Each structure stands twice: as structure tokens, then as C-alpha cells.
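Remarks on the structure that follows.
Throughout, read-outs are computed from the coordinates displayed, never taken from laboratory work. These figures come from a predicted structure and were not determined experimentally. Positions of Cβ are backbone-derived with ideal geometry, glycine not excepted, and every protein chain shown enters the neighbour counts.
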Number of protein chains: 2
Amino acid sequence: MIDDETARDRVVRTADELFYTRGVQAVGMDAVRTAAGVPLKRIYTLFASKDELIVAVLRHRMSIWDAGLAGATERATTARERILAIFDFLDAWFREPDFRGCGFVNAFGELGAESHGVTEAVREQKATFQEYVARLVEEAGAPAHVAPQIAILAEGAQTTAAISGTPEAARQARAAAETLLDASGAN
Amino acid sequence: MIDDETARDRVVRTADELFYTRGVQAVGMDAVRTAAGVPLKRIYTLFASKDELIVAVLRHRMSIWDAGLAGATERATTARERILAIFDFLDAWFREPDFRGCGFVNAFGELGAESHGVTEAVREQKATFQEYVARLVEEAGAPAHVAPQIAILAEGAQTTAAISGTPEAARQARAAAETLLDASGAN
DNA sequence: TTGCGCTGAGAACGTTCGTTCTCTACTGTA
DNA sequence: TACAGTAGAGAACGAACGTTCTCAGCGCAA
């Protein structure tokens, strides 16, 4: 049989693409089956239900996002530059042709009311990001209250860029973050 | 027959509550029919399709939001205070027990990829808000580039509050807005 | 009163969904 | 070669969806 791990990965990766592009509920399990080339029976031995697949997809997306963010920020030499690199990372993402907002926010809006697993995964992703920002803010020598402000800017930029269909929110949020850091007396 | 206007209003108002609470796709037309007490046949003479009802619901929500925002901000005497009152308005909203994020953002994430009407309505709502903020920023004597920054803060606060389940993002975003206004040399 | 038109209530339609079942065909072992 | 176990491909299932149709009953002009 096809290797368990690659089959699972292929299902998750394919479902992630489909869910993000078209919305979770708009994509049936049949579409996942066809696109991934994995029989339904097998999908249902790997995941007990569609909800479980959705959660697995969100966790996969989480690791991709974390790795991408880390890669984009680690090149900067100072903590302040690493914070601002977050917004450059967003800027590049917003310019991708199939950018459609934050997949976690979309999933939460669509399913948060009905799926506890989705709510938990999304909450975890946002908490991880906020902690990452908090660490950078501390390293930059800025007061702790600046961290959630910068996280809120990043969040708002994603929504604004998605709905407007333009990437300029990244630049605007970056400038605001600079102002907040400067006014706080960071290094 | 029941008056056309009240029937239409009841359908829209009821559908708005259901859609916001449980998500749009999770609510069937049967549920709208039952909750509103209006026969399906009549609903389909008032709205050609569910998508048309959704757009009508979004436009209704838009007018509610605009009125609420105007009411919350007009009490303030200076333009700067009106800007900050936006975040007090958000704070009060976030504390409502059934707050579940911005209904427009949720609808966009759920249906934006598949419904042009939804995308258009959501885009219109966000553009209106941004223009309102821009007007206040101008009245406050702050440079124009501060306006999108403050709008992004408001946007991010809504998402953050919804996912975290706590209202504190309003306070944090308000403080950030104050810093941005102060640093820009507004009155 | 008679008949016409439209109403409300909900049954019914075709489709699609998530999930399960069937059946053929292959793999590995003796 | 024979056989047990399992994999793949997709048909099939019950439920729920958006939408349409049926039909009894009411209001109103003559």
C-alpha cells in the first residue's frame, strides 16, 4: 500500500489548499479524495471525521506559518528589525495571487461556533504568535504593553489586505509599528 | 397578508441573528423560515436566492453598525475623542456575551471566494469605515497616513477579541491609537 | 352566494453532503 | 498453486440542503 505518512501528508496538504482557496464547507470530502488521489476509505482511517481533518489541516498550516515567520525574521540583526520584518513577511504574503486572508481567522469565522477543535487550534495559533511578538518586543527593550498592540496591527493588516484585495495594509501597519516602538523608547 | 415591509424586516433581522451566531452556511433556509415565522414561498418572493438574502442581511448589519458607531462617537466633543470613542464602542461590543467577531469578516472568510455579492458588500462596509476614520483624523488635524493605521487597529482588535474570547484588545488598540495620534502631532 | 386570486403551511424535489459498504484485485506465505 | 488478508475504486446510504410545488382556506369584486 502507499506509505501511510505520505498519504496522510498528501491529504492534509491538498485539503489545506482546497479549504483555504474555496472555504472549508464549500469543499466536500469527495473533492479532497479526488485532488489528493487517496481513497475515501483510507482518508477515514486516517481521520475519524471531516472535523478531525480540518483540525489537522489547521495544525499543518500553523507549522508552515511558524516556519515562514521565523525564516523571515531571523535574517534581521536587531530585535527591532525582526519585529518590522513581520510586516515585510506579511507584505510578501499579501502579494501572492491567491492570498485570501488568514486561514485561521477564516476557519474560525466559518466553524468556530460549531467546532470546538477548530476554536482551540485557532486560539493556539494566535497565542503562539502573540508570544513570539512579546519575546521580540522584550528583546527590543520596549515595554510589554507594546507587544499586543503590534500583534493587533498584524492581525488587522491581514484582514484589511484580504478584503481590500491590496497589499498596502502591510506597509501602513509597519509604519504604525515603527511609531509605537519609537514612542515607547525601545532600542 | 402580513405587511410586506415587516415580513421582509423580520426575515432579515432573524437571518442576521442566526447567520452571525452559527455561521451562514450552518443555517438553512428552513431555520430562517421557522425562526422568522414567514413561509418559505414568501421568503423566495422577497429574495431570489439565499445569496440575495445574505447580501440583504449584510446591508442591514451595515446600517446597524454605522448607526451604532455614529451614536457612540457623536457624544465626544473633539475629533480626537471621537476617534478614541471608536475603541470604547468596540470595547462595549466585545463584552456582549454573543460577540463572535466582525460579521462581515466572518461572511467574507466563509463566502467571499464563492459569492461576488458578499465580497462587494463587505468591501463596501470596510471602505465606509475607513472613510469615516479618515474624516475624523483630518478633523483632528493629524496627517492622513494615520487614518488607515487606526482603521487597521480597529480591525485587528475585532479579530483578536473574537478569537481570544476576551475584550482587552479594545483597550490595547485604543492605547496604540492614542500613541499614533500623539506622535503625529494631532490637536 | 359564487368564483377568482392569492395566501400560508409545509410536503416534495433534485442535489450534495459526510460517511459507510461492496466488491474486485493484489500481496505475501506455505 | 492455493489462500487469507487487506487495499483501492467507487457505488450507495441517510440526512440536510436550496428551491419549488401542492393545496386547503381566506378576502373580495360582482
Additional length obtainable on full extension of the chain from B:A26 to B:D9, 0.36 nm per residue less Cα span: 4.0 nm
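Using the alpha carbon gyration tensor of the protein assembly as shown, what are the three equivalent-ellipsoid semi-axes (square root of 5 times each eigenvalue), largest first, in whole Å? Each step should come with its number before you reach the end.
Numbers: eigenvalues 232, 188, 46 Å².
Ellipsoid semi-axes (Å, largest first): 34, 31, 15.
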222 nm mean residue ellipticity, helices alone, for chain B (DSSP H n ≥ 4; -39,500 (n - 2.57); rounded to 500): -25500 deg cm²/dmol
Net charge of neighbours whose Cβ lies under 9 Å from the Cβ of B:T160, counting Lys and Arg as +1 and Asp and Glu as -1: -1
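Report the calculated FRET efficiency for A:H60 and A:A134 (r = Cβ-Cβ distance, R0 = 25 Å), to the nearest 0.05. Please report the intermediate quantities before stating the final value.
Working: r = 25 Å, r/R0 = 0.98.
FRET efficiency, A:H60 to A:A134: 0.50.
Once you average over the residues of B:90-98, how many Cβ atoms of partner chains fall within 10 Å of each Cβ?
Numbers: counts 0, 0, 0, 0, 0, 0, 0, 0, 1.
Mean shielding count: 0.
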Entries of A:K41/B:K126; A:K50/A:K126; A:K41/B:K41 with Cα pairs more than 32 Å apart: A:K41/B:K126; A:K41/B:K41
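So what is the relative contact order for chain A, in percent, with contacts set as C-alpha pairs under 8 Å and at least six apart?
Details: 186 pairs, mean separation 39.8, N = 187.
Across chain A, relative contact order equals 21 percent.
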Separation of alpha-carbon centers, segment A:30-54 and segment B:7-33, rounded to whole Å: 31 Å
Average partner coverage of B:162-169, which counts Cβ from other chains inside 10 Å: 4
Spacing of the two label points (7 Å from each Cα toward its C-beta) at A:D98 and A:A127, in nm: 3.1 nm
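Note down the relative contact order for segment A:1-47 as a percent, whole number, built from C-alpha pairs under 8 angstrom at least six residues apart. Could you put the intermediate results ahead of the total?
Details: 25 pairs, mean separation 18.0, N = 47.
Computed over segment A:1-47, the figure is 38 percent.
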Segment A:50-184 shape via C-alpha gyration tensor axes, a/c threshold 1.5: prolate
Between segment B:89-164 and segment A:86-155, the Cα center-to-center distance that results, in Å: 16 Å
Cα gyration tensor, segment A:1-47 - rounded (a/c under 1.5), prolate or oblate: prolate
Ordering of B:54-65, B:173-184 by burial proxy (mean other Cβ atoms within 10 Å per residue, highest first): B:173-184, B:54-65
